[in-house]
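Novice: Before I ask anything, here is the structure I am working with.
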Amino acid sequence: MVRVQLEDFDAGAEITRLRLARPDTGAVAAFIGQVRDLNEGAEISGMTLEHYPGMTEKALEAIVDQARQRWNIFDALVIHRIGALKPLDQIVLVVVSGAHRGEAFSACEFIMDYLKTEAPFWKKERTETGDRWVDARSSDDTAKQRWTENQ
C-alpha cells in the first residue's frame with residue numbers, strides 16, 4: 001500500500017496495523033525519515049516537497065512490487081508526505097512485515113533506496129540565504145546500485 005499525503009502520520013499506529021494483520025508475522029522492519037535542520041552546511045528552516053500526482057503513486061507501487069518479487073514478505077507500506085514541512089517533521093514511513101527479520105530488513109532498505117532515486121519528488125529547502133532545490137545525491141545512486149549488483 002502506498003499513500004502520498006499532506007497530513008502527518010502516526011508511525012506507531014501504522015506499524016501496529018501491519019504487525020497485527022497476520023498472526024504468522026515474525027518480523028516488522030520500519031524506517032522513518034524526517035526533515036533535518038542542517039543540510040550541506042546550511043541551516044534549514046523548512047522544506048517543500050512537490051510531486052506529480054498519479055505518477056508518484058505508480059512509481060512507489062512499482063518499487064513495492066519489486067521488493068515483493070525479490071523477498072518473501074507479507075506486506076509493505078509507504079507513506080510519503082508532500083507540502084510545506086519544518087525541521088523534525090516526518091517525511092516518509094516505510095514498513096515491511098514478513099516471517100523473518102532478514103527478508104523484512106532487506107525489503108525495507110531496498111524500498112527506501114529505490115524511493116530516493118526513482119520516485120518523482122522534488123525538494124526545495126528554505127535557508128537563511130534563500131530557497132534552493134535539493135539535488136540528487138551520488139550516495140543515493142550508490143546505495144541503489146548495490147541492489148542491481150546483487151540480483
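Readers should treat all values here as calculations from the given coordinates under stated rules, not as data from a laboratory. Keep in mind it's a predicted model, so treat the numbers as computed, not measured. Quick reminder, even Gly has a Cβ in these numbers, built from the backbone with ideal geometry, and neighbours come from all protein chains shown.
Novice: Read through the list (1) under 14 Å from the mean Cα position of the chain (by Cα); (2) part of a helix (DSSP H, G or I); (3) surrounded by fewer than 19 Cβ atoms within 10 Å (Cβ to Cβ); (4) of a type outside the set (S, T, N, Q), then give the number of the only condition that Trp122 fails.
Specialist: Answer for Trp122: the failing condition is (2).
Novice: Would a scan of the range 61-71 turn up a residue that is touching a Ser or Thr at 6+ places or on another chain (Cβ under 9 Å), on the phi > 0 side of the Ramachandran plot and not aliphatic (A, V, I, L, M)?
Specialist: no
Novice: Do we find a residue being in contact with a Ser or Thr (Cβ under 6 Å, 6 or more places away or on another chain), surrounded by 13 or more Cβ atoms within 10 Å (Cβ to Cβ) and part of a loop (DSSP other than H, G, I, E, B) anywhere in the range 81-102?
Specialist: Among the residues of the range 81-102, not one is in contact with a Ser or Thr (Cβ under 6 Å, 6 or more places away or on another chain), surrounded by 13 or more Cβ atoms within 10 Å (Cβ to Cβ) and part of a loop (DSSP other than H, G, I, E, B), which makes the answer no.
Novice: Still on this model: Checking the conditions here, which among Asp65, Asp24, Asp89, Asp113 is under 30 Å from Thr129 (Cβ atoms) and of a type outside the set (S, T, N, Q)?
Specialist: Asp89
Novice: Within the group Arg36, Arg19, which residue is in contact with a strand residue (DSSP E or B) (Cβ under 8 Å, 6 or more places away or on another chain) and either over 26 Å from Lys86 (Cβ atoms) or buried (at least 18 other Cβ atoms within 10 Å of the Cβ) (or both)?
Specialist: The unique qualifying residue is Arg19.
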